[in-house]
Amino acid sequence: GWKNELSRILMGLVTGVLLIVLGELWKGKYPKYALILSGGGVSLLYFSIFAAYQFYGLISQTLGIFLMLIVTLATVSLSYKNKSLPLAFLGVVGAYLAPILLHSGTDQQLALFFYITLINVGVFAIYKNLAWLEMLFLGLMGTAVDFILWSGRYSSAANETTSAAFLLINSLLFLGLAAAV
């Protein structure tokens, strides 16, 4: 009981950043282990943000999503720099898990659909720059899982037009990229 909730979250965040920094420092000498350290640090950052929102209520949902987006962008940036598909995978999975991990129990359809579309555009940018076909499959799966979980709870006749527009826009994005491959 000597550690309060805030100190637990701060320790997780500091440790996560430290693992990423150590991974970057050691990537020349120990490339495989360095990526494992960086991946562990990223995972710890995601979990600390999740815990700060869901377990302890220390941050708002909006701040949690923003922080997870920063972790995602940093992770994808590291994956570019290190040409590491596993780091890109971890960052993108974290991005698609963010709405699930930071769910508030209320329907936020437009915000969710905008967020998923934004993540999809990022996935497409990764694919375009590094030609990692796996990212397209991951984007399609992440979109499907997020949409299915949302629709299972909140889909109704009142929001079917917005849902159909979201599915159409994102389907066209994926089909366009698949055709370009």
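The values are calculated or read from the model by the stated rules, or taken from the named source; none is laboratory data. Remember, it's a predicted structure, so these values are computed and weren't measured experimentally. Reconstructed Cβ throughout: ideal geometry from the backbone, glycine too, with neighbour counts over all protein chains shown. These accessible areas exclude ligands, DNA and RNA; they are computed on the full protein's heavy atoms, side chains included. Shrake-Rupley method; radii C 1.70, N 1.55, O 1.52, S 1.80 Å.
Quick notes on this one:
- Normalised contact order of the chain, rounded percent, pairs of Cα under 8 Å and 6 or more residues apart: 15 percent
- Mean ellipticity per residue at 222 nm, deg cm²/dmol - from DSSP H runs of n ≥ 4 across the chain, formula -39500 (n - 2.57): -27500 deg cm²/dmol
- Protein heavy-atom surface of the range 1-65, 1.4 angstrom probe: 71% of the accessible area is carbon and sulfur, with nucleic acids and ligands not counted.
- Packing, as the average of other Cβ atoms within 10 Å across residues, places the peptides 53-61, 71-79 in the order 71-79, 53-61, highest first.
- Of the solvent-accessible surface of the range 91-164, computed with a 1.4 Å probe over protein heavy atoms with every protein chain present, carbon and sulfur atoms account for 70 percent.
- Exposure ranking of 110, 63, 18, 85 by accessible area [1.4 Å probe, largest first]: 110, 18, 63, 85
- Charge context of residue 49, other residues only, Cβ under 14 angstrom, K/R +1, D/E -1: 0
- For the range 106-181, averaging the sequence separation of C-alpha pairs within contact (under 8 Å, six or more residues apart) and dividing by the residue count gives a relative contact order of 35 percent.
- Estimated at the nearest 10 Å², the accessible area of residue 114 is 140 Å² with a 1.4 Å probe.
- Rounded accessible area per residue of the chain, 1.4 Å, Å²: 56 Å²
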